[in-house]
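Working notes for the structure below.
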Amino acid sequence: MSSEPPPGSGEQPPEDDPFRKQPPSDQGQGPGSPYDTPYGGAQQPPPPGGGQPPQQPPPYGGQQPPPYGGGQPPPYGGGPYGGGPYGSGAGGYPADPLAGMPPLADSPKRTLARIVDMILVGIVVWLLTWAFGVREYNVNGDHVEVSKSVGQSFIAAVLYIAYDTFMMAKYGQTLGKKWLNMRVANLDDGATPSVQTMLIRSLVLWVPFAFCCACIWTAICGGWSYFDKPYKQGLHDKAAKTVVVSTG
């Protein structure tokens, strides 16, 4: 028979009552347990029959974990943006983006190819302006119709930009460059430039040419490749991060 006092009597059960609720212990086997750890946890007791308790296998097989989620480091130290002058190479040193690409095209050949393209597109511009009655200047006494000059410049800019962007994004070369065995390539990987890249390159070259300073801007923008080292880039190449390489 239990010695627990009747309910409602207000008395506490005796200390040796087996039904008395024992207070919870903060440590696994109670204070002073041989299985206590220095940090307050409890170790696993030895298995029946003696011996050592089972050990957890070390992570990664006892070796160092692989850096940054594993895998081999990228070749040549390349990151998501590659090496070269717009990224870093192995060991923090700039990698040569021209490695494995054809040699750079000579600047005089580039100039000749540009002249060929300007003549070809210029003929189309002249035919269109003639067909639509647009002349650079129409002088009638003291009156000069400047609006027709702007119209011709606009037609020239659109045709030159469209010609360069389409031909070089699709084939990597215009007709002039094809005849002289050259093509435009991305500086970082040597691939044919995208439409966006070629549009940037064409805008930098042809907008100033068409609207303000045709001869001066052409000489500055294209002539920059004569002095630029080591990639022989014109100003339009630098804006689009492209180079011109030989194909034959």
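The table that follows gives values for the structure above.
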| quantity | calculated |
| --- | --- |
| Any hit, the stretch 89-98, residues being assigned to a loop (DSSP other than H, G, I, E, B), modelled with pLDDT of 50 or more, open to solvent by 40 Å² or more (accessible area, probe 1.4 Å) and within 27 Å of Cys221 (Cα to Cα) | yes |
| Residue check for Thr129: of a type in the set (Ser, Thr, Tyr), out of contact with any Phe, Trp or Tyr (no Cβ under 9 Å at 6 or more places or on another chain) and at pLDDT below 95 | yes |
| Filtered residue count, the stretch 196-212, keeping only those that are open to solvent by less than 40 Å² (accessible area, probe 1.4 Å) and within 21 Å of Ile155 (Cα to Cα) | 8 |
| Among residues of the stretch 99-109, those that are closer than 22 Å to Cys221 by Cα and out of contact with any Phe, Trp or Tyr (no Cβ under 9 Å at 6 or more places or on another chain), counted | 4 |
| Identity of the residue in the stretch 223-248, of a type in the set (Gly, Ala, Ser) and surrounded by fewer than 20 Cβ atoms within 10 Å (Cβ to Cβ), that ends up modelled with the lowest pLDDT | Gly248 |
| Selection within the stretch 97-113 - among the charged types (D, E, K, R) and touching a Leu at 6+ places or on another chain (Cβ under 9 Å) | Lys109, Arg110 |
| Leu159 vs. criteria in a helix (DSSP H, G or I), open to solvent by 40 Å² or more (accessible area, probe 1.4 Å), under 19 Å from Ile123 (Cα atoms) and touching a helix residue (DSSP H, G or I) at 6+ places or on another chain (Cβ under 7 Å) | yes |
| Residues satisfying the stated conditions in the stretch 178-201, i.e. assigned to a helix (DSSP H, G or I) and more than 22 Å from Asp106 (Cβ to Cβ) | Val195, Gln196, Thr197, Leu199, Ile200 |
| Residue ID - most open to solvent (accessible area, probe 1.4 Å), chosen from residues in the stretch 162-195 that are closer than 13 Å to Ala113 by Cβ and charged (D, E, K, R) | Lys178 |
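Condition check ((1) closer than 12 Å to Met168 by Cβ; (2) among the hydroxyl-bearing types (Ser, Thr, Tyr); (3) touching a Ser or Thr at 6+ places or on another chain (Cβ under 6 Å)) across all residues:
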site	(1), (2), (3)
Met198	yes, no, yes
Val207	no, no, no
Ala210	no, no, yes
Trp217	no, no, no
Phe227	no, no, no
Lys232	no, no, yes
Ala239	no, no, no
Thr242	yes, yes, no
Thr247	no, yes, no
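The values are calculated or read from the model by the stated rules, or taken from the named source; none is laboratory data. Not measured: the values here are computed from a predicted model. Cβ atoms come from the backbone with ideal geometry, glycine included; neighbour counts cover every protein chain shown. When the accessible area is computed, the model is the full protein with side chains, heavy atoms only, and any ligands, DNA or RNA have been set aside. Shrake-Rupley method; radii C 1.70, N 1.55, O 1.52, S 1.80 Å.
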